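Working notes, structure below.
Derivation of every value follows stated rules applied to the coordinates shown; laboratory data play no part. All of these numbers come straight from a predicted model, not from anything done at the bench. Heads up, the Cβs are rebuilt from the backbone with ideal geometry, glycines too, and the neighbour counts pull from every protein chain shown.
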Amino acid sequence: MLAGPTAVGKGTVAADIRHRYPEVWLSVSATTRPPRPGEVHGTHYFFVDDATFDAMVEDGELLEWAVVHGVHRYGTPRRPVEDAVAAGRPALLEIDLQGARQVRRAMPEALFVFLAPPSRDELVRRLVGRGTEGPGERARRLETAEREMAAEAEFDVTVVNHDVHDATDQLVQCMGLAPHPRSGVRG
Ligand code: 5GP
């Protein structure tokens, strides 16, 4: 289970895991947020409308769900996680802190990894630099990030995201897998 502040690079780490560690099963969340350019339904998220999300909650289909940044809802479909765990596949959930707390209650045996930025300044730079959100949204995300930074102590392990490949290797090591050799890939 990987959580951490907004814009710390959780999505980038997840993408790196997808490419370099295909043996790791990555949970695909449902969200009411519209897709960003390049995002693929079923790969990055299941993009659903409010009514569909309501039905998923109602039917108990979500292991956890939360309103993130005070706007859209995000949730982890329960069944695929249970299937992956039952099949003995290393499984990774990339979710926010509120979701992490719910998973902690539902699956206390899971490992909770906090992805931390190299510094607070770096986090702010990444948050603003991404440029995909307006000023109101950016302020909301910064506020969430501050709160989430304070939650590091609740986690089993902290991985500092200096470099995405290093962070990924550390994460898979925490999951009990051997890190793969790099073959000179950077960036
Ligand atoms: P984004 O909109 O940038 O893709 O993601 C926003 C935030 O939602 C990130 O912090 C991400 O970790 C979180 N998130 C993504 N999927 C889930 C989920 O299934 N549950 C929860 N609680 N948070 C999620």
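Assorted remarks:
- Cut-off under 5 Å, modelled amide H: who pairs with GLY4 long-range: LEU97, LEU115
- Which of LEU92, ALA106, HIS41, positive extreme of dipole for segment 1-149 (C-beta unit charges): LEU92
- 222 nm mean residue ellipticity, helices alone, for the chain (DSSP H n ≥ 4; -39,500 (n - 2.57); rounded to 500): -12000 deg cm²/dmol
- Cα gyration tensor shape for the chain, rounded if a/c is under 1.5, else prolate or oblate: rounded
- Normalising the average separation of contacting C-alpha pairs (under 8 angstrom, six or more residues apart) by the number of residues puts the relative contact order of segment 28-107 at 28 percent.
- For segment 66-156: rounded, prolate or oblate by the Cα gyration tensor [a/c cutoff 1.5]: prolate
- Taking the Cα centre of segment 2-174 as reference, the dipole from Cβ charges on Lys and Arg (+1) and Asp and Glu (-1) amounts to some 320 debye.
- Segment 2-174, relative contact order [Cα under 8 Å, separation at least 6], %: 32 percent
- Compared with the alpha-carbon gap, the fully stretched path from LEU111 to ARG89 is longer by 6.5 nm at 0.36 nm per residue.
- Of the residues PHE46, PHE53, the one with the fewest other Cβ atoms within 10 Å heads the list, and the complete ranking is PHE46, PHE53.
- Applied to segment 36-49, the Karplus parametrisation 6.51 cos²θ - 1.76 cosθ + 1.60 on θ = phi - 60° returns per-residue 3J(HN,Hα) values of 8, x, x, 7, 10, 4, x, 9, 8, 8, 9, 7, 10, 8 Hz, with x for Gly and Pro.
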